[in-house]
Amino acid sequence: ARIVDAFALFVARDVKRSAESGAGTALKLTDHARRIFGDLSLAETSRYIRDSIITYGIRDWARAPFGAANHGWQPGVRSWKVMEAFKAFDFGSGARNLHIVGEAYSDYQGFIEGALNSAELALATLPAVAVDPALQEPGLGLS
């Protein structure tokens, strides 16, 4: 299906950027993935990803009862600067404790990955909190 080819190419571009630069992308590859995709061309990476897609679903948000909606950056907007500003800001207090997250304010609009990426950027601005081991429930994998 053409939609699967388009999606595989969309993902493959990010995979190749991350595999080649290792920095400056929201996508974090494991060492294993970096070894696999580092030597493949964009076409080979796209084919690898396409072949790994088992199933997919598409919803036409323009049909009832949804009525259509989507987000997109206006031409000329430097989305990366907006994302940087929204991950932590304040209204003059210096606290930087206000955060705007969600797919609408991300580099993957329309996808859950965008919401998760923006949340991860905001969470990275928060100081680490020590967890008391006595309060952890066994088997939850908290660390």
May I ask you to derive the FRET efficiency for Ala69 and Ala119 from their Cβ-Cβ distance with R0 = 25 Å, giving the value to the nearest 0.05?
0.75
Taking only protein heavy atoms into account and a 1.4 Å probe, give the accessible area per residue of the stretch 57-143 in Å².
80
So how far apart, in nm, are the two label points at Arg47 and Val131 if each is 7 Å from Cα heading toward Cβ?
4.3
Two-site label geometry, Tyr56 and Ile100: point separation in nm, points 7 Å out along Cα→Cβ
3.0
Taking the solvent-accessible surface of protein heavy atoms with a 1.4 Å probe, what is the per residue accessible area of the stretch 1-52 in Å²?
66
Mean 1/r over distinct Cα pairs of the chain, inverted to a Kirkwood Rh in Å, yields 18.3
Can you show me the helix-derived [θ] at 222 nm for the chain, built from DSSP H runs with n ≥ 4 at -39,500 (n - 2.57) apiece and divided by the number of residues, rounded to the nearest 500.
-12500 deg cm²/dmol
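Please find the FRET efficiency linking Arg78 to Ala6, where r is the Cβ-Cβ separation and R0 is fixed at 22 Å, and quote it to the nearest 0.05. Walk me through the intermediate numbers first.
Numbers: r = 26 Å, r/R0 = 1.16.
For R0 = 22 Å, the calculated efficiency reads 0.30.
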Ignoring ligands, DNA and RNA, what percent of the accessible area of the chain is carbon or sulfur (1.4 Å)?
58
Theoretical FRET efficiency, 1/(1+(r/R0)^6), r = Cβ-Cβ of Asp90 and Lys28, R0 25 Å, to 0.05
0.35
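The values are calculated or read from the model by the stated rules, or taken from the named source; none is laboratory data. Treat the numbers as computed from the prediction; the structure is a model and nothing was measured. In this analysis, Cβ positions are derived from the backbone assuming ideal geometry, glycine residues included, and neighbour counts consider all displayed protein chains. Each accessible area value is taken on the protein alone, full model and side chains, heavy atoms only, with ligands, DNA and RNA left out. Shrake-Rupley method; radii C 1.70, N 1.55, O 1.52, S 1.80 Å.
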